[in-house]
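Data first, discussion second: the structure below is written as structure tokens.
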Amino acid sequence: MAHILLRHRDIPNINQIDVYKKNGGFEAFKNAVKKMKPEDVTNVVKNSGLRGRGGAGFPTGTKWSFMDNKNWPHYVVANADESEPGTFKDREIMEQNPFQFLEGVALASYAVGANAAYVYMRGEFWQVAAFLDEKIAEMEKEGFLGDKLFGTDYSLRIYTHLGAGAYICGEETALLESMEGKRGQPRVRPPFPPSFGLYGKPTVVNNVETLTNVPLILANGADWYKSMGTADSAGVKIFSLSGRVKKPGNYELPFGKTFRDLIYGEGGGIMDDRPIKAIMPAGASSSLIVADEKALDTQLEYAAVRTLGADLGSASVIVIDDTVSIDWVISKTIHFFKHESCGKCTPCREGNHWMLNVVNRIEHGHKPEDVTLLLNVAKQMQGKCLCALGEFATMAVVTGIERFPQDFKA
């Protein structure tokens, strides 16, 4: 099956504007601006079943339709922060298939009536930002960005914006605070960004992978996109596969394939042919799944993965074999989240601090009551934090202790 998002694997040099144009590039955007109403573009995306690929899985067209049309101007922000350990798909898109992503940004902007769009990138992506700036300049030169596009009254500019490399800025309201020059900390919601976003104006925030789907959905229609994947999860997804697999990397597959297809088919199986022990389906922020036969034969889609007591999230699948102890895994995740907590809300700030203290005690002289205490602290944090970071910090801890008790008795 030809790639839809990772098209550079089928079409050499598609990151050159002439090659992209020869392969249908910008036709969807031109057609939308000249022949479609903004709400018609939104309805095509809504009917396609496209869901957000950044982790939450919220229906994309529905999010666009929430924009407050009594408050102007409107903005579009592409979330290219990509700080989740285990996720490395958006960078490949931006480096290798940038024009399809930028055309997606442009289509989203037209759909919601935005004349300015921003690509927010983590600070470590400064080279990618410079590369995208070149591509944006090429689009302006060719007449795909600027004033009065294609002989209409619609105008659009796209800008890149570098953050300072903070995980919390992947959360959409912390991202907006960072863009406004403030400390990157989440806002209390509601109001949500479609009514109160960047500079207090209605804003749509979408992930890079989400927006990269949009040009081909507009070009080929909603039914074409829905013909791939499952009833719950339409289309294709990039799975970032890492951990104890023979062939780590990005794999674009239609929703509905299984963990077994991904790990043993695409990923070539486990290193040294060891037994598989656990799977983290959404990077460091995910629950640990016991990798039994049922789990391996579970479909890779949002609803099916929830039956295993986990979320698919951004689909950064980390594979753990029998050489890895789960107490080591949760120690790594706690160290990460303790470092990345913004400290704005007490449950996350203090909870991560105490989880780190207790896990260090477990590592340097294990007492059974410390494991019970660690589980207690994690559960006390759940449902009480201002944003999802605090919740994410507890996922591996709670599921690790409850599903792999033998690793804490060793």
Query raised in the report: List, please: which pairs have Cβ atoms under 9 Å, are six or more places apart or on different chains, and start with a residue in the stretch 370-389 that is under 11 Å from Gly351 (Cα atoms) and end with one that is β-branched (Val, Ile, Thr) and not in a helix (DSSP H, G or I)?
Result: none
Query raised in the report: Of these, Gly221, Gly268, Gly256, Gly249, which one is surrounded by fewer than 22 Cβ atoms within 10 Å (Cβ to Cβ) and under 20 Å from Glu84 (Cα atoms)?
Result: Gly249
Query raised in the report: Only one of (1) within 23 Å of the chain's Cα centre (by Cα); (2) among the polar types (S, T, N, Q); (3) not in a helix (DSSP H, G or I) fails for Ser109. Which number is that?
Result: (3)
Report task. Confirm whether Gly52 is assigned by TED's automatic domain parsing to the domain that holds Cys169 and either over 16 Å from the mean Cα position of the chain (by Cα) or basic (Lys, Arg) (or both). Result -> no
Requested in this report: Return the only residue of Lys237, Lys226 being of a type in the set (Lys, Arg), surrounded by 19 or more Cβ atoms within 10 Å (Cβ to Cβ) and touching a residue at least 24 places away in the same chain (Cβ under 8 Å).
Outcome: Lys237
Query - When residues of the stretch 304-359 are limited to those that are among the aromatic types (Phe, Trp, Tyr) and within 19 Å of the chain's Cα centre (by Cα), the one surrounded by the fewest Cβ atoms within 10 Å (Cβ to Cβ) - result: Phe336
Query raised in the report: Restricting attention to the stretch 286-301, does a residue exist that is under 23 Å from the mean Cα position of the chain (by Cα), buried (at least 19 other Cβ atoms within 10 Å of the Cβ), modelled with pLDDT under 95 and within 30 Å of Asp232 (Cβ to Cβ)?
Result: yes
Query raised in the report: Can you spot a residue in the stretch 79-97 that is modelled with pLDDT of 95 or more, of a type in the set (Lys, Arg) and within 22 Å of Ala234 (Cα to Cα)?
Result: yes
Requested in this report: Consider Val128 carefully, then state whether it is at pLDDT 95 or above, within 22 Å of Leu50 (Cβ to Cβ) and β-branched (Val, Ile, Thr).
Outcome: no
Requested in this report: Out of the residues in the stretch 2-27 that are surrounded by 14 or more Cβ atoms within 10 Å (Cβ to Cβ) and of a type in the set (D, E, K, R), state the one that is nearest to Met139 (Cα to Cα).
Outcome: Lys21
Requested in this report: Scan the stretch 373-393 for residues that are within 20 Å of the chain's Cα centre (by Cα) and either modelled with pLDDT of 95 or more or on the phi > 0 side of the Ramachandran plot (or both) and report the count.
Outcome: 0
Query - Residue list for the stretch 335-390, filter: basic (Lys, Arg) and either farther than 30 Å from Lys182 by Cβ or out of contact with any Pro (no Cβ under 8 Å at 6 or more places or on another chain) (or both) - result: Lys338, Arg349, Arg361, Lys367, Lys379
Query - Residue list for the stretch 252-266, filter: part of a helix (DSSP H, G or I) and of a type in the set (Val, Ile, Thr) - result: Ile263
Query raised in the report: Is it the case that Ala282 is within 21 Å of the chain's Cα centre (by Cα) and closer than 30 Å to Pro59 by Cβ?
Result: yes
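Give the residue, chosen from Lys379, Lys384, Lys367, that is farther than 24 Å from Asp311 by Cα, outside the structural domain of Ala282 (by TED's automatic domain parsing) and either aliphatic (A, V, I, L, M) or surrounded by fewer than 21 Cβ atoms within 10 Å (Cβ to Cβ) (or both). Steps first, please.
Working: Lys379 fails: farther than 24 Å from Asp311 by Cα; Lys384 fails: farther than 24 Å from Asp311 by Cα.
Within the list Lys379, Lys384, Lys367, the selection yields Lys367.
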Requested in this report: Name, by its number, the condition in (1) touching a helix residue (DSSP H, G or I) at 6+ places or on another chain (Cβ under 6 Å); (2) basic (Lys, Arg); (3) in a helix (DSSP H, G or I) that does not hold for Lys21.
Outcome: (1)
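The values are calculated or read from the model by the stated rules, or taken from the named source; none is laboratory data. Not measured: the values here are computed from a predicted model. No Cβ is skipped: glycine too gets one built from the backbone with ideal geometry, and neighbour counts run over all protein chains shown.
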